[in-house]
Every structure is written in C-alpha cells, then in structure tokens.
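Every number here is computed from the coordinates shown, using simple stated rules; none is lab data. If you're wondering where the values come from, they're calculated on a predicted model, not measured in any experiment. Methodologically, a virtual Cβ is constructed for each residue, glycine included, from the backbone with ideal geometry; neighbour enumeration extends over all protein chains shown.
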Amino acid sequence: MDFNPELNEDQLQIQKWVHDFANDVVRPVASEWDEREETPWPVIQEAAEIGLYSWEFMAEAMMNDPTGLTMPVALEELFWGDAGIGLSIMGSGLAAAGIAASGTPEQVMEWVPQCYGTSDQLMLGAFASSEPDAGSDVAAMRTRAVYEEATDEWVLNGTKTWITNGGIADVHVVVAVVDPELGSRGHASFVIPPNSPGISQGQKFLKHGIRASHTAEVVLSDCRIPGSCVLGGKDKLDERLARVREGKSGNAQAAMQTFESTRPAVGAQAVGIARAAYEYSLEYAKERHQFGRPIIQNQSIAFTLADMAMEIEAARALVWRGAWLGKQRKYKNAEGSMAKLKAGRVAVWSTERAIQILGGYGYVREYPVERWHRDAKIYDIFEGTEQIQQLVISRAISGMRIE
Ligand SMILES: Cc1cc2nc3c(=O)[nH]c(=O)nc-3n(C[C@H](O)[C@H](O)[C@H](O)COP(=O)(O)OP(=O)(O)OC[C@H]3O[C@@H](n4cnc5c(N)ncnc54)[C@H](O)[C@@H]3O)c2cc1C
C-alpha cells in the first residue's frame, strides 16, 4: 500500500464528527476547566455518550484502519478544541496502548474495555512508567515487582510520578523491575485492576498548561495483584528473561514500545494546538487595525502567518506519514520520533507567534492564545523530550551509539 494523504469517506466523517464535538462542547468550557484545574467529568461524559470516549472507538480507529491516519485526524480536531480536555478524554488511550503492546489477546479483551467503562459508568486508565529519578532514563527505574509463588501474586512497591490520570484511574498499567540485574531488559508491564490494595495517589501536580488533565504521583505500597496481571503472561516473561540472561537479545523495553507506537498520535495533538493558534491569529490580524490599516497588511505579520501555515502543513505531513509508516511497520529513520519532535516545536513556536500577533490581547486570559501557548510546551517534554527524540533519530540515521 502506498502512502496516500487523501482521507477516505469514513475518515472525513470522523474528522467532522470530532470537529463538531470540539467546537460545540469542548471550546465553550475550555477556559473554565483550565482555571479549575480539575478533570472535566461532564465533558468526558458527553464524549462517552456520543461514543468518542470508548474502547470501541479506539479499537476502530487503531485496528480497523490500514492507513493509520484515522487516529491523528481525530486527535488534531479534538486538541484543536482544547488540549487539557483532549488529554482527559484520550489519556486512557495510553493505558490501552500499553495493554495492546504487551498483553495477550485475552488480556486485551479483559482490560482495555475497563480503561473506559461505559457512558453509565465511566472508567479511566493510566500508564505509569516515569519515576522521580527515572524520566528519560527508563533504565534507572526502581519500582519493584516480586512474584510470590505461594499465593500466585505479584507484589509491587515504588513511586511513579507525572502520571496522567494517576491515582484517579480505575486501571493502572505499571512498568516495574522484575530482575534488577538486567537493567531495562528486566522490566515488565503489569495491569493493576480496579480497587487493588496498596495503590494510592500521591501529590497532584499544579501545572503550567494542559491543566484540565489530571497529573499525579502513584504510590505502590505492597500492592498485591493476581499472577495473571503481568502483561504477556508469566511464562513468556520467564522465557524472555532467560534469553536475556543467556546473552541473547530480548524484546525492546516494554515502555519504549508503547512510547514509540504513540508518537505520531502525540504529534497530531500538537498540530491541533498549533492550528488553533494560527486560525485565531489569522482572523485577528485581518480585523485588528493600527495605523489605519489591518495589521496583516504589514509584511512582518503576514509573513509570520505564511510561515505558520507552512510549518503546520509540514508538521501534519510528517505526522500522517509517521502514522502510516508505523501502521505498515516500515520505520527506517525513526519517523515516528521525527513527527513528534517537529509537531511539538511547531506548536510551541506557532502559539508564541500568535501571542505576538495579538499583542497585549495575546497575553491576557480573556483570550485563548496564552492558554494554547501554555498547553503547547508539554509537547517538547512528555512521551520523550525534544532531546530524547533527537537521540532516537540520530541513532537511527547513523546506526551508531550516540550519547
Ligand atoms: C503533564 C505531564 C504528563 C505526563 N504523563 C505521563 C504519563 O502518563 N505516564 C508516564 O509514565 N510519564 C508521564 N510523564 C512524564 C514524562 O514522560 C517525563 O517528564 C519525560 O519523560 C521527561 O522526564 P523527566 O521529567 O524526568 O526529565 P529528565 O529526564 O530529567 O530530563 C531533563 C532534561 O534533560 C534532558 N536529557 C535527559 N537525558 C538526556 C540525554 N541523554 N541527552 C540529552 N538530553 C537529555 C531532557 O531532554 C530534558 O531537557 C508526564 C509528564 C508531564 C509533565
């Protein structure tokens, strides 16, 4: 199948459906939830009622789409509406992706629906890898998972930090160390079922942007879960660890698999924010008069908008192609990381330029542009920082160890 950036009928319909939801439901309350800095439950509820917040939509968009474009198209529209609310709706997808990446088909069927619940009973998922001393350096992870033969249980201890939906989720997918001797190859992913003993929320973080999305520590203190909750199954894990101990190469780190497969989708979210800022500042520049003419009639403003339009097109092209290559399993030069890196930079730059175009109006909370700028910055940080994307790309293009 060749890469074709022309959306099919289904994708055009989904694009319009999500755009209408973003425009009619999300945008009118975006500022309120940013100020409240709380999970926007009523908006998630509305998303569940139309089927946007559901495992069925995720499955349809991710599994039944050979082009890989449906998800980025939907995410761009939702995050054009608002990134904090968008992440509250899509945060459970990180847990679902973690389960899909490492779980058996039975585990996927059992746990992915529980990351969403139903419109009558909403549930949330969270994916927890990062720790206070192990952000980019996943190998420094300390959270331990120990198997107890007598009870056929895993016992987890440690602290995860910066976790989207952390502590308020029903299902937590946690990456932990099973064999500390093996570094990142001794890690495994676990599902912590709802109401498990020993898991609690630590500090909730107050943030610079995406403030409607809940971010908190997750504390695991003798957290006991059934033996069957290791993703992929214990036999497969034992086989993999045995291979690594014999010096044969094991699978890529569990957490890294999840991050890599989600990167173009994260880039699409950043494109949505950039586009919001571009559209708003374009209209503003046509309306706002200074020195007796619209400010867009000054080349410095018009050329900035021309560059914004071009950069957003470029970022979207990389995101769509990155998503397509991921679907076809044809990555050569870390194109997923390229997409996320470019889109994050474009979002930060475009939102900053949008503030400049609005002048004082861009800097005050009465207008949405300063919020978009605050929201954009996270795209240089989470799901692999700017520098980690550069590291991944430089290793891929050179085939050499770059430190
Ligand atoms: C709002 C928010 C939501 C998040 N959600 C989740 C989540 O749901 N689940 C989860 O597991 N994590 C989550 N994270 C964590 C996020 O993925 C990490 O913050 C990120 O991986 C960076 O880790 P760190 O913050 O520890 O920074 P560090 O790794 O300490 O990096 C600090 C700086 O050093 C640079 N740096 C580090 N190593 C290198 C190197 N080798 N070469 C060059 N530069 C380097 C980095 O690029 C960065 O600029 C979230 C974070 C935030 C802020």
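In percent, how large is the relative contact order of the chain, given Cα pairs closer than 8 Å and 6 or more residues apart?
Dividing the mean separation by the residue count of the chain yields 16 percent.
Going 7 Å from the Cα of Leu12 in the Cα-to-Cβ direction, what parts of region 67-110 have a backbone nitrogen less than 17 Å from that spot?
What the label zone holds, given the 17 Å backbone N cut-off, is 69-70, 73-74.
Take the Cα of Tyr363, step 7 Å along the line toward its Cβ, and report every residue of region 295-312 whose backbone nitrogen sits under 19 Å from that point.
Once the point is set 7 Å along Cα→Cβ of Tyr363, 301 turn out to lie under 19 Å by backbone N, inside region 295-312.
Of Pro5, Ser213, Leu231, which is farthest towards the positive pole of the chain's charge dipole, taken about the Cα centre with +1 and -1 on the beta-carbons of Lys, Arg and Asp, Glu respectively?
My answer, from the dipole projection, is Pro5.
According to a simple spin-label model (label point 7 Å from Cα along Cα-to-Cβ), what is the distance in nm between Ser394 and Asp179?
Here the modelled spin labels are 3.2 nm apart.
So what's region 254-398 giving for Cα Rg divided by 2.2 N^0.38 Å, two decimals? Write out the running numbers ahead of the final one.
Values: Rg = 16.8 Å, N = 145, 2.2 N^0.38 = 14.6 Å.
It is 1.16.
If you take every residue apart from Glu131 with its C-beta less than 11 Å away from the C-beta of Glu131, what net charge results, scoring Lys and Arg +1 and Asp and Glu -1?
-1
Extension gain Asp307-Tyr147, at 0.36 nm per residue separation less the Cα-Cα distance, in nm?
Values: separation 160, 0.36 × 160 = 57.60 nm, distance 5.54 nm.
Stretched out fully, the Asp307 to Tyr147 stretch lengthens by 52.1 nm.
May I ask which of Lys204/Lys327; Lys248/Lys340; Lys286/Lys327; Lys207/Lys332; Lys16/Lys340; Lys248/Lys327 have a Cα-Cα span longer than 30 Å here?
Lys204/Lys327; Lys248/Lys340; Lys286/Lys327; Lys207/Lys332, as the Cα separations exceed 30 Å there.
Could you point to the residue in Phe57, Gln15, Leu94 farthest towards the positive end of region 9-115's charge dipole, with +1 and -1 charges on the Cβ of Lys/Arg and Asp/Glu respectively?
Leu94
Sort 176-182, 394-400, 363-369 by the packing proxy (mean of other Cβ within 10 Å over each peptide's residues), most packed first.
176-182, 363-369, 394-400
Rounded to the nearest 20 Debye, what is the dipole magnitude of region 53-125 about its Cα centre when Lys and Arg each give +1 and Asp and Glu each give -1 at the C-beta? Provide the component values of the computation, followed by the final result.
Working: 0 positive and 9 negative charges, 34 e Å.
About 160 debye.
Roughly how many debye, to the nearest 20, is the charge dipole of the chain about its Cα centre, given +1 on each Lys and Arg Cβ, -1 on each Asp and Glu Cβ, and no other charges?
Its charge dipole is roughly 1320 debye.
What are the extents of the Cα atoms of the chain along their three principal axes, listed from largest to smallest and rounded to whole Å?
81, 48, 41
Which of the peptides 223-232, 134-143 is most tightly packed, and how do the rest follow, judged by the mean count of other Cβ atoms within 10 Å per residue?
223-232, 134-143
Order these peptides, 82-91, 329-338, by their mean beta-carbon neighbour count within 10 angstrom, highest first.
For the peptides 82-91, 329-338, the packing ranking is 82-91, 329-338.
Considering only DSSP beta bridges with both partners in the chain, what is the antiparallel share in %, to the nearest 5? Don't skip to the answer; put the middle values down first.
On the way: 29 of 34 bridges.
Antiparallel: roughly 85 percent of the beta bridges in the chain.
For a quick check: sort Glu46, Glu35, Glu279 by the number of other beta carbons within 10 angstrom, fewest at the front.
Glu35, Glu279, Glu46
Suppose R0 equals 35 Å. What FRET efficiency, 1/(1 + (r/R0)^6) with r the Cβ-Cβ distance, do Leu206 and Glu60 give to the nearest 0.05? Write out the running numbers ahead of the final one.
On the way: r = 36 Å, r/R0 = 1.02.
Approximately 0.45, to the nearest 0.05.
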